[in-house]
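Okay, structure first, notes after.
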Amino acid sequence: MEARAIQRTVRQSARKMRLVIDLIRGRAVPEADAILRFSKKRAARQIHKVLKSAVANAQQAAQRQNTPFDADQLRVKYAVVNEGQTLKRFTAAAMGRATPILKRTSHVEIHVASDATPAPAPAAKAAPKATNAEPKARAKQKTQKTRTKKKTKAKTKRAKQASKASK
């Protein structure tokens with residue numbers, strides 16, 4: 001079971017929010033919840049909301065599919081903070097000038113997935129053995145490159161000689 005939640009245009013810079021999102025990436029949901037609840041950073045509150053929303057989305061998906069759901073088995077698989085639209089404002093400065101103020105926003109995206117992943121199915125056929133065709137092809141490309149380099153050098157040398165002879 002995998003679910004995601006996105007919150008757009010959070011009024012905090014992405015750089016500050018990434019400090020908090022790095023703490024929970026790859027962790028179990030109960031552990032990430034505890035980290036966010038007790039963090040002193042302002043960004044932790046917004047990220048905590050998104051995490052709760054992703055868990056609720058996973059629960060809804062499980063109910064739709066009529067499968068058992070346990071929030072403690074979820075893990076934060078993907079957590080990222082991207083930059084959002086920057087609000088541009090101006091303030092007064094000395095000598096009648098204006099100074100820009102950039103109010104940055106960010107987009108938070110979190111994916112949660114169940115920790116219990118099914119075992120991979122055994123391969124039906126073994127992979128074919130590697131042949132020596134690939135190194136031969138590379139060698140052929142190298143020789144073609146050196147031939148073209150030699151041709152261009154010879155052309156430039158002839159051109160130089162022709163220009164000297166005409167003078």
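Can you confirm whether R8 is exposed (fewer than 13 other Cβ atoms within 10 Å of the Cβ) and within 22 Å of H107 (Cβ to Cβ)? Let's see the steps before the verdict.
Values: exposed (fewer than 13 other Cβ atoms within 10 Å of the Cβ): yes; within 22 Å of H107 (Cβ to Cβ): yes.
Yes: the conditions hold for R8.
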(request) Could you figure out which of (1) assigned to a loop (DSSP other than H, G, I, E, B); (2) closer than 17 Å to A58 by Cβ isn't true of Q7? (result) (1)
(message) Please go through (1) buried (at least 17 other Cβ atoms within 10 Å of the Cβ); (2) touching an Asp or Glu at 6+ places or on another chain (Cβ under 7 Å) for P30 and return the number of the only condition it doesn't satisfy.
(response) (1)
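Which of the residues that make up region 16-40 are over 17 Å from L74 (Cα atoms) and touching a residue at least 60 places away in the same chain (Cβ under 8 Å)? Outline the logic, then answer.
Kept after step one, since they are over 17 Å from L74 (Cα atoms), are these residues of region 16-40: 16-20, 22, 37-40.
Result: M17, R18.
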(request) Within region 33-48, track down each residue that is in a loop (DSSP other than H, G, I, E, B) and buried (at least 17 other Cβ atoms within 10 Å of the Cβ). (result) S39
(request) Residues being among the charged types (D, E, K, R), in a helix (DSSP H, G or I) and surrounded by 13 or more Cβ atoms within 10 Å (Cβ to Cβ): count how many of those fall in region 11-27. (result) 2
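What residue, of K153, K125, K167, is modelled with pLDDT under 80 and surrounded by 10 or more Cβ atoms within 10 Å (Cβ to Cβ)?
K153
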(request) Collect the residues in region 49-95 that are surrounded by 12 or more Cβ atoms within 10 Å (Cβ to Cβ) and assigned to a strand (DSSP E or B), keeping them in residue-number order. (result) L74, R75, V76, K77, Y78, A79, V80, V81, N82, E83, L87
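How many residues does region 96-107 contain that are among the hydrophobic types (A, V, I, L, M, F, W, C) and buried (at least 16 other Cβ atoms within 10 Å of the Cβ)?
Initially, region 96-107 is screened for residues among the hydrophobic types (A, V, I, L, M, F, W, C), giving 98, 101-102.
This time we only want the ones that are buried (at least 16 other Cβ atoms within 10 Å of the Cβ), so: none.
Residues in region 96-107 being among the hydrophobic types (A, V, I, L, M, F, W, C) and buried (at least 16 other Cβ atoms within 10 Å of the Cβ): 0 in total.
The values are calculated or read from the model by the stated rules, or taken from the named source; none is laboratory data. As the structure is a computational prediction, the values presented were derived from the model and not from experiment. As a convention, Cβ positions derive from the backbone with ideal geometry for all residues, glycine included, and neighbour counts pool all protein chains shown.
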